[in-house]
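Worksheet: one structure, shown below.
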Amino acid sequence: MSGVDGRTVPWRDRDVVTVCGTTLAGLALIVTAWFGAGGTVSTARQAAWLNLGVAGFAVCAGGLCLWLLRARRALGERRISLVALAPVDDDEDVLPAMRHHRGGPTDTTLALPLVRAEGMDRAHHPDCPLVAGKDVTPVGVGEGDPCGVCAA
């Protein structure tokens with residue numbers, strides 16, 4: 001592929017050109033205002049140059065804000081495309097525990113086995129790092145406080 005897909009990068013080429021153009025234009029206005037105000041003694045004339053400098057800052061800030069908002073939108077769309085789950089229409093692709101019966105859907109929750117090592121008061125998931133490598137025994141739901149690390 002020679003081209004870059006717009007969804008794989010946060011900014012397209014025209015976004016980079018736009019931010020560079022607005023930044024350069026804003027900086028040109030600020031530099032012009034700097035030198036213009038530096039060569040003027042009158043406060044009224046310096047205020048006019050100050051207005052030009054503020055406008056230059058607004059152009060720079062506006063371009064950068066639009067650039068960051070474009071990236072935020074692109075990253076949000078990318079996140080949604082990665083996380084979104086499409087519903088499954090075919091019953092053969094559904095886990096047996098999730099198939100519907102005549103009375104309605106079955107309970108799709110699966111009880112995770114909770115464990116506890118000797119001397120521990122809290123219940124942990126089997127893959128919790130606090131019980132890794134220890135001899136554990138099963139714990140019933142409601143027996144002991146849940147672990148704060150594995151959120152049992």
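The values are calculated or read from the model by the stated rules, or taken from the named source; none is laboratory data. Remember, it's a predicted structure, so these values are computed and weren't measured experimentally. Ideal geometry is used to build each Cβ from the backbone, glycine not excepted, and the neighbour counts take in all protein chains shown. To get the accessible areas, we keep the full protein, side chains included, count just its heavy atoms, and leave off ligands, DNA and RNA. Shrake-Rupley method; radii C 1.70, N 1.55, O 1.52, S 1.80 Å.
When restricted to residues that are open to solvent by 90 Å² or more (accessible area, probe 1.4 Å), modelled with pLDDT under 80 and part of a strand (DSSP E or B), segment 123-152 contains 1.
If you go through segment 1-24 and pick out every residue that is open to solvent by 90 Å² or more (accessible area, probe 1.4 Å), modelled with pLDDT of 55 or more and more than 24 Å from the chain's Cα centre (by Cα), you end up with 2.
In segment 53-83, the qualifying residues are those that are of a type in the set (A, V, I, L, M) and open to solvent by less than 50 Å² (accessible area, probe 1.4 Å), and the one that is farthest from CYS20 (Cα to Cα) is ALA74.
LEU29: in contact (Cβ under 8 Å) with a residue 24 or more places away in the chain and more than 30 Å from the chain's Cα centre (by Cα), yes or no? Judged against the criteria, LEU29 is a match.
Put simply, of GLY103, GLY53, GLY63 the only residue that is more than 29 Å from the chain's Cα centre (by Cα) and modelled with pLDDT of 80 or more is GLY53.
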